[in-house]
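Taking it in order: structure first as structure tokens, then the write-up.
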Amino acid sequence: VSRKLVLVGFMGAGKSTAASRAAEFLGEQSADTDEILRRRFGTSIDAFFASEGEAAFRQEEEQVVVEALEPGGAAIVALGGGALGSERVRAALADHRVVYLDVDPEHAWQRVRRGDRPLARDRARFAQLHAEREPVYEASADVIVHAERLLSAEEWLSAARSLDDAPAHTRLLLASSRSGSYPVYVGNGLVETGFYPFEQRRFLVSDGIVARLYGDRLEPLAGRVSIMPGEQSKTIAHAEIVWTELARQGATREDHVVALGGGVVGDLAGFCAATYQRGVGVVQVPTTLVAQVDSAYGGKTGVDLPDAKNYVGAYHQPEAVLVDPATLHTLPQAERSAGYAEVLKTALIAGGRLWERVRGGAVDDELTVLACARTKLRVVAEDERDGGRRQVLNLGHTVAHAIESVTGYARYRHGEAVALGLLAALRLSEQPALREEVGELLAANGLPTRLEDASVDAVVTATERDKKRRGAAPVPFVLVAAPGDVRYGQPVPEPALRAAVEELTR
Ligand SMILES: NC(=O)c1ccc[n+]([C@@H]2O[C@H](COP(=O)([O-])OP(=O)(O)OC[C@H]3O[C@@H](n4cnc5c(N)ncnc54)[C@H](O)[C@@H]3O)[C@@H](O)[C@H]2O)c1
């Protein structure tokens, strides 16, 4: 094959190591373009930079990279961090499988600060360069590997190979978690074309609406279970129906459950997979905006009790997630709005480019879904079991839960309550300008910005009660210092909470 595996990414991402490990694993040759340049210069890159300047270096680099990408020679090539600045290089990459090792600037800095890299001397400049280059790496990448933890060559190589059967332009994120890694495929047409990356027999769990729309695309199926659409199906009684059907249809531990649908199906089927015969693999195929930007990743599964949402469940990471944003075209408007609240939440957590996209009007296009998925996966990778950083994902949810509970889960959909909860959190964060902007975005996407049919007292009391149930004091809130700078566990005194809820009624 003339298609090479090309590793790109920032300084300190671990490209050279990954390339040589992959070469060893595959019994192939690898090349590192920085290494070739050092040999060619007969001196360090640092020394060449100092004597000839960056422009001269980039010119030499472009030549070496383009040659390394020509047919023949090493099958695995690691590129220098700045190589993608060249248009010729970017064009040459189109013929190859590009793997982006994504590492945050903090980790990268820790890895390279003591080295001899000319562009790693000043920390602020280093972070700025990282921000400039990130979109360039992302735009070229077929595979994005979250590389703070070095994955084994086997993990990312087999994931990269599985892309050969996916529709062109499918992106693959490799999500790492303490309990392993799993591939997340994102691409328009993924479900439509029937892409499926495993050999295992598939048992489909879906709701009636989604099964009718997309169930057949997942054929061949060894069995199928359908539930009624809606939150009322997320119960132990429904889990029993799924378990019983899986048993009746002959599902074994070697088989996969395929959860096709929104968060209800994902949570229920995921929970059933976690417990059926003490655990079988689940492949999540999310078809709502909520599920594609949030619930399908991270392994939280479960069902509701009559008076307590999500009270029984298990952590069960998926074998893979197949995300086809084109399936969102059939989603009812109200569900799209509900999902938008989570998109906005995720954009506030991420900041940077995702926030810019969303404030510019993006809702549910492929790149927005991809960016939300990356954000959630990054947060979960840092804290799989909700001990710390994962709590930022609750932004807006503390007051939202209280609103849902005092209105009997009937007046507001979850996404609508989250919209109000985000506004309350921004008031508590003392961010009036941001609150106003977020309010406009919510309203433009069919979400409420005013609390009706609920008393301020009741909402404040319910928020306090929720906190007590969690055994935390004082009320730990997630607050926004700025988009991209979100802090969890922030204490909020009662009068401030009351004022924030009061403001919602105006
Ligand atoms: N596990 C997590 O981390 C996590 C995170 C957030 C939310 N959740 C859970 O997710 C659930 C909400 O999920 P949801 O908002 O996806 O709702 P949902 O699963 O109830 O789906 C909403 C509706 O859209 C329909 N639908 C789904 N996909 C469609 C499509 N492509 N075209 C047409 N109709 C389609 C469904 O049939 C359903 O009627 C809640 O139970 C919540 O607790 C879980």
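Overview of results
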quantity	calculated
Long-range Cα-Cα pairs in segment 377-452 (distance over 17 Å), rounded percent	50 percent
FRET efficiency for PHE198 and ARG385, using Cβ-Cβ distance with R0 set to 30 Å, rounded to 0.05	0.70
Computed over segment 303-387, Cα set: Rg, Dmax in Å	14.8, 41
Within segment 302-325: backbone nitrogen closer than 18 Å to the ARG253 label point (7 Å, Cα to C-beta)	316-317, 319
FRET efficiency, ALA433 to GLN63 (Cβ-Cβ, R0 51 Å, nearest 0.05)	0.55
3J(HN,Hα) from dihedral phi, segment 446-452, Karplus parametrisation 6.51/-1.76/1.60, rounded to Hz, x for glycine, proline	x, 10, x, 10, 10, 7, 10
Rounded to whole Hz, the Karplus (6.51, -1.76, 1.60) HN-Hα couplings of segment 180-195, x for glycine and proline	x, 10, 9, x, 10, 9, 10, x, 4, x, 4, 6, 3, 8, x, 4
Segment 19-166: relative contact order in percent, alpha carbon pairs under 8 Å with at least 6 residues between	27 percent
Those aspartates and glutamates that a straight Cα-Cα span of less than 14 Å connects to LYS376, excepting residues fewer than 8 apart in one chain	ASP294, GLU342, GLU384, ASP386
HIS107-GLU54 pseudo-label distance in nm [points 7 Å out on the Cα-to-Cβ vector]	2.5 nm
The chain: relative contact order as a whole-number percent, Cα under 8 Å and 6+ apart	10 percent
Amide H partners (placed H, <5 Å) of ALA320, local residues excluded	GLN284
Accessible area of the chain divided out per residue, in Å², using a probe of 1.4 angstrom	42 Å²
Shape parameters for the chain, alpha-carbon atoms, Rg then Dmax in Å	24.2, 76
Where GluC sites (Glu not before Pro) in DSSP loops with at most 14 other Cβ within 10 Å are excluded, longest remaining stretch of the chain	255-429
Charge dipole (debye, nearest 20) of segment 59-108; +1 at Cβ of Lys and Arg, -1 at Cβ of Asp and Glu	180 debye
Size of charge dipole - segment 306-459 - debye, nearest 20, with Cβ of Lys, Arg +1 and Asp, Glu -1, no other charges	260 debye
Estimated distance in nm for a label pair at GLN128 and GLU231, the labels positioned 7 Å out from Cα along Cα-to-Cβ	4.8 nm
Cut-off under 5 Å, modelled amide H: who pairs with LEU204 long-range	ALA222, GLY223, ARG224, VAL225, VAL258
Between helix 333-350 and the chain: long-axis angle, C-alpha atoms, 0 to 90°, nearest 10	50 degrees
Dipole magnitude of segment 106-147, debye to nearest 20 (Cβ charges: Lys/Arg +1, Asp/Glu -1, about Cα centre)	380 debye
TYR100 long-range amide H proximity, modeled H, under 5 Å	VAL8, ASP142, VAL143, ILE144, VAL145
Charge sum, other residues only, whose C-beta stays under 15 Å from VAL264's C-beta, Lys/Arg counted +1 and Asp/Glu -1	-3
Share antiparallel - DSSP beta bridges, segment 144-205, percent rounded to 5	80 percent
Carbon/sulfur fraction of accessible area - segment 1-136, other protein chains in place, 1.4 Å, %	47 percent
Set of aspartates and glutamates near LYS4 by C-alpha distance (under 14 Å), chain-local residues within fewer than 8 positions excluded	GLU28, ASP32, GLU67, GLU70, ASP95, ASP142, ASP164
Aspartates and glutamates whose Cα lies under 15 Å from that of LYS309, excluding same-chain neighbours fewer than 8 positions away	GLU231, ASP267, GLU404, ASP466
Between helix 494-504 and the chain: long-axis angle, C-alpha atoms, 0 to 90°, nearest 10	90 degrees
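The values are calculated or read from the model by the stated rules, or taken from the named source; none is laboratory data. As the structure is a prediction and not an experimental result, all values here were calculated from the model. As a convention, Cβ positions derive from the backbone with ideal geometry for all residues, glycine included, and neighbour counts pool all protein chains shown. Remember, those area values only see protein heavy atoms, side chains included, never the ligands or the DNA or RNA. Shrake-Rupley method; radii C 1.70, N 1.55, O 1.52, S 1.80 Å.
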